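Novice: First, the structure itself, so that you have it in front of you.
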Amino acid sequence: MNNLGSFEEYIIKKSDKIKISSVEINNGDVFLALQGKKYHGNKFILSSLSKGAKFCITDNKNYLPNKKVIYVNNIFEYLSSLAIKKRKLYKGKLVGITGSAGKTTLKETLAFFLKKNHTISYSKKSYNNKLGVLVSLLNLNLKSEYAIFEMGTNNFGEIKNLTKILTPQEIFITNIQSTHLENFKSKKNIAKEKSDIFNSKFNKQRKKIYLNITNQSEKIILEKACNEKLLKIINIDGKNKYFIKDILKVNNYYEIYFSINKKLIIIKVNLIIMFRIINLLFCYAFFNENDLNLNDISKRYKYLKPVVGRGLINQIKLNKKKIRIIDESYNANPDTMIQSINYYNEIKINFNRKILILGNMNELGKNAEKMHLKLLNFVNKFNFKMIILCGEFFRRPIKKIINPKNEFIYLNNSIEIMNHLIKKTHNDDIILVKCSNTTEVNKFANELLKKKVI
């Protein structure tokens with residue numbers, strides 16, 4: 001049954017062949033038969049082979065013998081050793097992106113600008129845990145000039161372990177925010193965890209780190225970086241080579257003035273969404289540091305679209321009414337909630353047309369309800385047509401709002417939200433949906449987007 005030599009040679013030479021979902025299998029792909037939430041992947045080996053899978057990897061030694069079905073005792077350990085082998089063969093520049101929020105958006109933004117004139121590889125979707133990183137590395141095209149990887153964590157030691165596998169040469173830390181506090185307890189601990197990505201004990205390949213220092217926790221990272229030898233720090237904080245010089249309102253748009261190594265670059269945007277502007281600055285800094293053409297960004301930024309679940313605007317039909325949805329249903333924490341609500345407030349349409357739907361912010365630990373109440377008091381400063389809340393962390397806080405000037409509506413689940421909107425929305429309403437993944441609001445958003453107008 002084992003045909004390891006052929007399989008390893010195939011994976012080393014090829015790219016984008018490994019799949020963890022049998023639904024995605026195409027001719028020539030490799031299926032990893034892993035334990036899923038409901039079923040073990042062994043259940044789908046035959047269907048994967050029928051779709052043209054070249055190999056299937058299983059940990060079931062009793063599986064029916066087949067030269068295309070390869071048994072390994074421990075799939076994760078085997079994939080780790082093979083991924084490290086492939087990483088050592090890669091001669092291009094490997095970029096690692098970590099941070100509390102914005103990893104996927106920055107990865108997609110940088111990839112968007114690079115792939116126009118360069119061969120690149122980058123992790124798909126939000127593949128930033130151990131399995132995601134291993135799959136992304138094994139799917140790497142060894143001929144790529146640049147390879148971009150997300151690196152996530154929700155507990156201590158995970159960044160260290162991913163770093164040992166990837167050893168990125170250039171590193172971005174997007175920010176330190178109030179995420180995964182259930183495990184980390186404080187943003188200080190998050191900063192220490194993220195700092196392992198450039199620690200020479202785990203990563204002797206690191207050469208440059210890109211930072212945007214805005215709070216005390218991020219200063220911890222800067223201090224640790226300053227103590228590292230042979231590590232170049234690129235800080236886009238307004239004092240060095242790369243910074244935002246000015247933002248000017250001109251009629252119905254804004255002009256952003258970037259200073260890139262003493263060169264002035266001006267771009268125009270309709271809305272000030274700061275994390276997207278910071279991402280552009282990160283990309284300009286990366287291009288300049290790597291002697292790439294800055295015009296590749298300046299000419300293409302207007303064609304850049306938000307990532308699904310992270311600000312993409314969709315038009316849907318709901319009960320024959322056309323409505324716009326700003327979908328930010330992938331993830332949320334107190335900082336990103338505030339950012340999203342601020343820019344939503346800036347959108348220039350009739351206030352009576354704006355509906356806000358908020359779901360739980362997960363993994364905040366013992367102060368979860370306190371943080372949700374603080375968010376509601378912040379939201380109450382603005383005027384929206386209605387504010388729909390869903391999730392246990394909002395149930396009690398909604399009763400503690402003093403003199404609410406907005407209409408706050410608590411609904412129990414995705415079905416109640418949908419039914420309410422069918423009755424209450426009007427043509428040309430706009431809805432912002434913001435929540436953590438795997439919440440009822442996230443479930444609702446996924447259902448709502450099925451009604452997208454093509």
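The values are calculated or read from the model by the stated rules, or taken from the named source; none is laboratory data. Just so we're clear, the structure is a prediction, and the values are computed from it rather than from any experiment. Heads up, the Cβs are rebuilt from the backbone with ideal geometry, glycines too, and the neighbour counts pull from every protein chain shown.
Novice: Against the definition (among the acidic types (D, E) and touching a helix residue (DSSP H, G or I) at 6+ places or on another chain (Cβ under 6 Å)), how does E223 come out, yes or no?
Specialist: On the way: among the acidic types (D, E): yes; touching a helix residue (DSSP H, G or I) at 6+ places or on another chain (Cβ under 6 Å): no.
In short, no.
Novice: If you go through the range 260-276 one residue at a time, how many are surrounded by 18 or more Cβ atoms within 10 Å (Cβ to Cβ) and part of a helix (DSSP H, G or I)?
Specialist: The number of residues fulfilling the criteria is 2.
Novice: Continuing with this model, one more query. Checking the structure you have, find out if any residue of the range 218-228 is part of a helix (DSSP H, G or I), of a type in the set (G, A, S), modelled with pLDDT of 95 or more and closer than 26 Å to N367 by Cβ.
Specialist: From the range 218-228, those part of a helix (DSSP H, G or I) are 218-226; that's our starting set.
Now restrict to residues that are of a type in the set (G, A, S): 225.
Checking which are modelled with pLDDT of 95 or more leaves us with 225.
Those left that are additionally closer than 26 Å to N367 by Cβ: none.
No - not one qualifying residue is present in the range 218-228.
Novice: If we keep just the residues of the range 387-412 that are of a type outside the set (A, V, I, L, M), exposed (fewer than 14 other Cβ atoms within 10 Å of the Cβ) and not in a helix (DSSP H, G or I), which is modelled with the highest pLDDT? Step through it out loud before you land on a result.
Specialist: First, pick out the residues of the range 387-412 that are of a type outside the set (A, V, I, L, M): 390-397, 399-400, 403-408, 410, 412.
Now restrict to residues that are exposed (fewer than 14 other Cβ atoms within 10 Å of the Cβ): 392, 396, 399-400, 403-405, 407, 412.
Still in the list and also not in a helix (DSSP H, G or I): 396, 403-405, 407, 412.
Numbers: R396: 93, N403: 86, P404: 90, K405: 88, E407: 92, N412: 96.
Step by step, filter the range 387-412, then rank; the result is N412.
Novice: Do any strands (runs of 3 or more DSSP E) entirely within the range 45-119 hold 2 or more residues that are of a type in the set (A, V, I, L, M) and either touching a residue at least 24 places away in the same chain (Cβ under 8 Å) or surrounded by 18 or more Cβ atoms within 10 Å (Cβ to Cβ) (or both), and if so, which?
Specialist: 69-71, 93-98
Novice: Another one. Name the residue, out of I247, I316, that is assigned to a strand (DSSP E or B), farther than 26 Å from K208 by Cα, among the β-branched types (V, I, T) and not assigned by TED's automatic domain parsing to the domain that holds E170.
Specialist: Values: I247 fails: not assigned by TED's automatic domain parsing to the domain that holds E170.
Among I247, I316, only I316 is assigned to a strand (DSSP E or B), farther than 26 Å from K208 by Cα, among the β-branched types (V, I, T) and not assigned by TED's automatic domain parsing to the domain that holds E170.
Novice: Only one of (1) free of Cβ contacts under 8 Å to residues at least 40 places away in the same chain; (2) touching a strand residue (DSSP E or B) at 6+ places or on another chain (Cβ under 7 Å); (3) not small (G, A, S) fails for E170. Which number is that?
Specialist: If we test E170 against (1) free of Cβ contacts under 8 Å to residues at least 40 places away in the same chain; (2) touching a strand residue (DSSP E or B) at 6+ places or on another chain (Cβ under 7 Å); (3) not small (G, A, S), just (1) comes out false.
Novice: For the list (1) more than 28 Å from the chain's Cα centre (by Cα); (2) surrounded by fewer than 16 Cβ atoms within 10 Å (Cβ to Cβ); (3) part of a helix (DSSP H, G or I), I need the number of the one condition that E416 fails.
Specialist: Of the numbered conditions (1) more than 28 Å from the chain's Cα centre (by Cα); (2) surrounded by fewer than 16 Cβ atoms within 10 Å (Cβ to Cβ); (3) part of a helix (DSSP H, G or I), the odd one out for E416 is (2).
Novice: Please specify each residue of the range 223-243 satisfying the condition of being touching a Phe, Trp or Tyr at 6+ places or on another chain (Cβ under 8 Å) and aliphatic (A, V, I, L, M).
Specialist: A225, L231, I234, I236
Novice: Could you please tell me which pairs satisfy a Cβ distance under 8 Å, a separation of 6+ or placement on different chains, a first residue in the range 434-454 that is free of Cβ contacts under 8 Å to residues at least 60 places away in the same chain, and a second residue that is assigned to a helix (DSSP H, G or I)?
Specialist: Final answer for the pair search is K443/S414; E447/S414; E447/M418.
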